[in-house]
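Following: one structure in structure tokens, then a few remarks.
Any read-out appearing in this document is the output of simple, stated calculations on the displayed coordinates, not a laboratory observation. Note that the coordinates shown come from a computational prediction; the quantities given were computed from them, not determined experimentally. When we count neighbours, we look across all protein chains shown, and the Cβ atoms used for this are built from the backbone with ideal geometry, even at glycine.
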Amino acid sequence: MPRAMNSIFRDTLLALWLVTGAGMPALAAPVEIDRIVAVVNNSVITAYELRNQVEQVLRQLGGQNVPPRRVLERQVLERMITERALLQIAEDTNIRVDGPQLDRAIAGIAQRNNMTPEAFRKALEADGMDFGAFRDQIRNEIVVSRLRDREVDSRVVVTDAEIDNYLAGNGQDAGQQEEYRLGHILVLTPEGASPEQLSSLRDKAERALAQLRQGEDFAKVSVAYSDAQNALQGGDLGWRGQAQLPTLFLDAVKTLQIGAVTDILRSPNGFHILKLLDKRGKDAQYVVRQTHARHILVKTNEVVSDAEARNRLLQIKERVEHGASFAEMAKLHSDDLSANRGGDLGWLNPGDTVPDFERAMDALRPGQVSEPVRSPFGWHLIQVLERRDQDVSQERRRLEARRALRDRKAEEAFDDWVRQARDRAYVEYRLEE
């Protein structure tokens with residue numbers, strides 16, 4: 001949006017937002033209802049939106065590890081700007097989440113909290129959260145997840161040679177490696193940053209490190225300084241196996257004592273500080289429960305809606321229950337590459353399929369056909385054929401190595417892609433106005 005238009009837009013809003021005293025009672029003094037704190041491409045972030053997000057973060061922190069209000073506002077605003085830039089990319093490329101999809105996602109969250117959707121809503125509202133804002137937050141998270149899957153995760157490739165090198169070089173089985181729980185602070189550096197910018201950003205990282213070494217709580221420093229996606233959750237990366245960590249991180253934490261922090265680490269996308277929160281050995285488990293399953297997939301697109309895809313599968317299920325061959329139905333109706341095999345997916349290990357698919361599959365008895373199941377790929381009808389416990393020592397080691405390498409590459413690629421998307425966005429700050 002050109003600056004002249006920004007100025008006109010702002011002045012128009014202020015004219016609407018200010019109540020003048022002309023012809024009004026004396027109590028009607030000028031009152032500012034809202035104002036713009038940032039412009040991101042062709043949209044704006046208002047002070048009201050920022051306040052809501054800050055209050056949500058404060059509720060999550062529970063009064064602990066809270067930096068000064070002004071510092072927190074700036075950190076939250078930066079994350080809102082990045083999210084708004086990603087959401088605009090998603091909108092421009094037709095990634096949408098409709099009402100029924102959102103309802104199912106929230107129902108799933110409620111179920112994982114052992115609540116009905118209505119009870120979950122009441123619990124959120126009792127905690128002071130606006131349910132409409134919560135729905136918007138979940139919608140945005142789903143959209144960004146789908147954007148990541150399309151733009152980054154689906155393009156990550158792990159070669160057999162990389163797996164061979166990993167298994168040959170680590171000196172121990174993939175399933176027996178140590179795992180690390182790390183805290184992470186990232187100070188992002190934009191592409192093509194000038195020496196002055198890099199110096200300023202390194203100074204920022206140095207200030208964060210100095211506070212940590214003076215005993216400041218890591219989560220508080222993360223909230224105040226980090227540009228990482230999980231900064232407002234205290235920067236906790238959770239448990240990561242060795243193969244899931246970049247070599248830069250692994251080399252830095254291998255000899256670190258629990259509770260210690262690294263020096264500043266430099267990577268292409270910024271300055272990093274790590275804290276070793278905990279570590280543990282990981283015992284190999286080579287006997288796994290495998291499921292032999294088949295499915296029929298109906299993909300959604302501009303022509304086929306969610307409702308149409310689901311109804312189509314309900315009709316197919318009814319035909320199967322009345323004697324039609326599942327395999328023949330898959331050959332005729334499935335949009336998956338497995339269609340020519342009657343939808344047969346072979347023997348599946350835990351983690352081989354996306355979580356929504358796996359949860360539905362695990363709930364089925366052999367011979368049973370599921371209700372239509374939604375996944376990022378579309379709508380599925382699943383049938384479990386049989387189950388077995390299988391020793392998959394060699395296969396599993398390679399699978400674990402592939403998954404760990406893929407996760408590591410995908411995370412690095414997504415961080416880099418987000419940085420580039422943020423750098424390309426037009427951003428105008430108005431927080432100080």
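Dipole of the stretch 221-365 computed with +1 at Lys/Arg Cβ and -1 at Asp/Glu Cβ about the Cα centre; of Ala309, Leu232, Phe249, farthest Cα towards the positive end is Phe249.
Evaluated at q = 0.17, 0.22 Å⁻¹, the base-10 log of the normalised Debye intensity for the stretch 93-151, with identical point scatterers placed on the Cα atoms, takes the values -0.59, -0.88.
All other residues whose Cβ lies under 13 angstrom from that of Ile273 are scored, Lys and Arg at +1 and Asp and Glu at -1, for a net of +2. Of interest is the spacing of the C-alpha centroids, which for the stretch 235-307 and the stretch 107-153 amounts to 23 Å.
Taking the Kirkwood radius as Rh and the Cα radius of gyration as Rg, the chain has a ratio of Rg/Rh equal to 1.01.
Within the same chain, aspartates and glutamates fewer than 8 places from Lys204 are excluded, and of the rest, those with a Cα less than 12 Å from its Cα are Asp227.
Size of the stretch 33-181: Rg and Dmax of its alpha carbons, in Å, are 20.2, 64.
The Rg/Rh ratio for the stretch 287-391, using Cα coordinates for both the radius of gyration and the Kirkwood hydrodynamic radius, is 0.96. Taking K and R as +1 and D and E as -1, what net charge do the other residues with C-beta under 12 Å from the C-beta of Val369 add up to? Here the charged neighbours net out to +1. Largest first and in whole Å, the equivalent-ellipsoid semi-axes of the stretch 339-433 read 39, 20, 11, each the square root of five times a Cα gyration tensor eigenvalue.
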